[in-house]
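The values are calculated or read from the model by the stated rules, or taken from the named source; none is laboratory data. Model, not experiment: these values are computed from the prediction. Here the Cβ positions follow ideal geometry from the backbone for every residue, glycine too, while neighbour counts run over all protein chains shown.
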Amino acid sequence: MTPLTQYGRMAEKHWREHRPKMVRELERKGLLHQLLQEAEEMTKTEMVTLRTDLMQRGSTAQQAQTQAWEMVREKYILLAPEE
């Protein structure tokens with residue numbers, strides 16, 4: 001099993017706190033680690049694209065990194081809480 005990166009670990013912590021039902025179901029199906037890896041990969045891939053685009057528009061590397069993270073984080077990592 002491939003170890004999670006910072007994004008995967010952040011997602012797991014957040015999901016366990018804010019999406020416990022989803023986590024239990026994914027664990028029951030044996031899919032939690034796979035979905036955490038997918039979330040981190042999607043985050044990394046989308047952030048590279050966004051960073052490149054933002055830097056081409058004049059942002060510094062740090063500004064582009066920060067902006068890309070803010071644009072992507074709630075899509076894959078910091079999911080909305082369960083109801």
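State yes or no: is Thr2 at pLDDT 95 or above, surrounded by fewer than 17 Cβ atoms within 10 Å (Cβ to Cβ), among the β-branched types (Val, Ile, Thr) and out of contact with any Ser or Thr (no Cβ under 9 Å at 6 or more places or on another chain)? Taking the combined requirement at face value, the residue does not satisfy it.
The set of residues in region 20-42 being exposed (fewer than 12 other Cβ atoms within 10 Å of the Cβ) and in contact with an Asp or Glu (Cβ under 6 Å, 6 or more places away or on another chain) consists of Lys21 alone. Among Glu46, Glu17, which is the only one that is exposed (fewer than 12 other Cβ atoms within 10 Å of the Cβ), among the charged types (D, E, K, R) and outside any loop (DSSP other than H, G, I, E, B)? Result: Glu17 is the single residue among Glu46, Glu17 that is exposed (fewer than 12 other Cβ atoms within 10 Å of the Cβ), among the charged types (D, E, K, R) and outside any loop (DSSP other than H, G, I, E, B).
Contact map, region 10-28: residues that are touching a residue at least 60 places away in the same chain (Cβ under 8 Å) paired with residues that are among the basic types (Lys, Arg) and surrounded by 15 or more Cβ atoms within 10 Å (Cβ to Cβ), Cβ distance under 9 Å, separation 6+ or inter-chain. Pairs shown: Met10/Arg73.
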